[in-house]
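Below you'll find the structure, written out as structure tokens, and then a few comments.
Any read-out appearing in this document is the output of simple, stated calculations on the displayed coordinates, not a laboratory observation. Every value quoted in this text rests on a predicted model; they were computed, and no experiment measured them. A quick note on method: Cβ atoms are made from the backbone with ideal geometry, for glycine too, and the neighbour counts reach across all protein chains shown.
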Amino acid sequence: AQTVTQSQPEMSVQEAETVTLSCTYDTSESDYYLFWYKQPPSRQMILVIRQEAYKQQNATENRFSVNFQKAAKSFSLKISDSQLGDAAMYFCAYRSAKGETSGSRLTFGEGTQLTVNP
Amino acid sequence: NAGVTQTPKFRVLKTGQSMTLLCAQDMNHEYMYWYRQDPGMGLRLIHYSVGEGTTAKGEVPDGYNVSRLKKQNFLLGLESAAPSQTSVYFCASSNQGTYQETQYFGPGTRLLVL
């Protein structure tokens, strides 16, 4: 079974600064997908960024980028130029590429609560 | 286009009562999921469905039943609620089998069992 671990329950950053959230995972599979979801106080789960394991290039979405280290099974999220609206709980998630068998289920980490200080 | 909607938003139950949570999606997705979120534990999969008329157990299925009679709806039932089922419940749906497959989440249902 796959597991996802986020070792930082809480992080804080000054507005306009850069912060990195850590995520490690354990799997015996070679083909999979990784995601970062954001959950603001509204509780809505919002997809921030995704990474395909077969791609060596790190995914980027505007101010959000990842550092994907497949051999180390590490998948960190970097938020540049942090904004007050980035304050939220961030979840790292894993999905097997074996869609039909597993129903494409997501396995989530415990979450990291990010505070942005003005 | 409403995406994924959940009914109700909040509910209080007494131990032993039953209730059904409704999830609806208008994106013609094949796959649908029910998760529960508890403090410090992230989201855990309860049940899922890979198509109309199908259901399967997830990580924490005990105490719950599901039905997918229509493609757009996925119902989660609690036959006899227990305090341990106090949680926030999220429904999600996804497009099947594409490499761009992404799960879209509903706004959540907060359930309190006394």
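At a glance:
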| read-out | value |
| --- | --- |
| Kirkwood Rh, Cα atoms: Rg over Rh of chain B | 0.96 |
| Low-density loop positions, chymotrypsin sites (Phe, Trp or Tyr not before Pro), segment B:64-114 - DSSP coil, at most 11 other Cβ in 10 Å | B:Tyr99 |
| Candidate lysines for bridging to A:Lys70, where Cα separation is under 22 Å - those fewer than 8 sequence places away on the same chain excluded | A:Lys55, A:Lys78, A:Lys98 |
| For segment A:26-87: relative contact order, % (alpha-carbon pairs under 8 angstrom, 6 or more apart) | 23 percent |
| For segment A:20-118, radius of gyration divided by Kirkwood radius, i.e. Rg to Rh on alpha-carbons | 0.97 |
| Order by protection proxy (mean Cβ within 10 Å, highest first), peptides A:52-61, A:16-25 | A:16-25, A:52-61 |
| Neighbour net charge for A:Leu34 - beta-carbon separation under 9 angstrom, K R +1, D E -1 | +1 |
